[in-house]
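Quick notes on the structure that follows.
The values are calculated or read from the model by the stated rules, or taken from the named source; none is laboratory data. Owing to the predicted nature of the structure, the values given are computational and were not obtained by experimental measurement. We place every Cβ from the backbone using ideal geometry, glycine too, and count neighbours over all the protein chains shown. Remember, those area values only see protein heavy atoms, side chains included, never the ligands or the DNA or RNA. Shrake-Rupley method; radii C 1.70, N 1.55, O 1.52, S 1.80 Å.
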Amino acid sequence: REVIRHTDDLKIEALTIYAFSTENWNRSKEEVAALMQLILDFFKSEIDELDEKNVRILILGEKDVFPQKQREVLIEAENRSAKNTGLTLNICLNYGGRAEIVRAAELYARDVAEGKATGELTEGKLSKYMYSADIPDPELIIRPGGEYRLSNFLLWQCAYSEFYYTDTLWPDFTPEELDEAIAAFNSRDRRFGGVKT
């Protein structure tokens, strides 16, 4: 909550949180049930403030597989905040980077078969079929918990993202640590594959 509020205060355009991956369904029934309850609890306690602060909520991932209550809450949050123009809060739920790319390819192939898509497939065209179609690629990805892997997160979108690693677990990550990550990002020389002149 504090990090979301701080991100909004900093006028950052978008924040993406990896909340529940496609692989998380393999956890114990008890843990999955607890995570499902967290979804309900979060939106019940936070949606009013997020909407009041002009935050737009987007769910990245396949919503259809969630239980009905959770699915309805997610759809309601997206619909309620759809016209908001402040921070875009992307919440990855039942999300996997590889699954997203496969889904995009399938949607594109369907459109080709139906005559809705023509010409050579380009990165730009395929990007429009991603969950993140209307969202800029992330400039900074913060990897908490002392891990050094992507964990199937935004594989398509992170081609030129800067990475910041911290041992702090995500639930303990503070606004001050976000400031440190942003300061480290701002000190880097981003060339996007080019040579510095």
Residues (of a type in the set (Lys, Arg) and in contact with a helix residue (DSSP H, G or I) (Cβ under 9 Å, 6 or more places away or on another chain)) located in the range 25-65: ARG27, LYS44, LYS53, ARG56, LYS63
Pair list, Cβ under 6 Å, 6 or more apart: the range 108-136 residue touching a residue at least 24 places away in the same chain (Cβ under 8 Å) and small (Gly, Ala, Ser), other residue in a loop (DSSP other than H, G, I, E, B) and crowded, with 16+ Cβ neighbours inside 10 Å: SER132/GLN157
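The rows are residues; the columns are (1) surrounded by 11 or more Cβ atoms within 10 Å (Cβ to Cβ); (2) part of a helix (DSSP H, G or I); (3) at negative phi.
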{"site": "ASP8", "(1), (2), (3)": "yes, yes, yes"}
{"site": "THR16", "(1), (2), (3)": "yes, no, yes"}
{"site": "TRP25", "(1), (2), (3)": "yes, yes, yes"}
{"site": "GLU30", "(1), (2), (3)": "no, yes, yes"}
{"site": "ALA33", "(1), (2), (3)": "yes, yes, yes"}
{"site": "MET36", "(1), (2), (3)": "yes, yes, yes"}
{"site": "PHE43", "(1), (2), (3)": "yes, yes, yes"}
{"site": "LEU50", "(1), (2), (3)": "yes, yes, yes"}
Options GLY124, GLY115, GLY145: the member that is open to solvent by 30 Å² or more (accessible area, probe 1.4 Å) and on the phi > 0 side of the Ramachandran plot: GLY115
Qualifying residue in the range 101-109 (condition: over 24 Å from SER21 (Cα atoms), part of a helix (DSSP H, G or I) and either of a type in the set (Gly, Ala, Ser) or open to solvent by 20 Å² or more (accessible area, probe 1.4 Å) (or both)): yes
Selection status of ASN94, under 15 Å from ALA19 (Cβ atoms), open to solvent by less than 40 Å² (accessible area, probe 1.4 Å) and among the polar types (S, T, N, Q): yes
Filtered residues of the range 169-190 (kept if open to solvent by less than 30 Å² (accessible area, probe 1.4 Å) and either touching a strand residue (DSSP E or B) at 6+ places or on another chain (Cβ under 8 Å) or of a type in the set (Ser, Thr, Tyr) (or both)): PHE173, LEU178, ALA181, ALA184
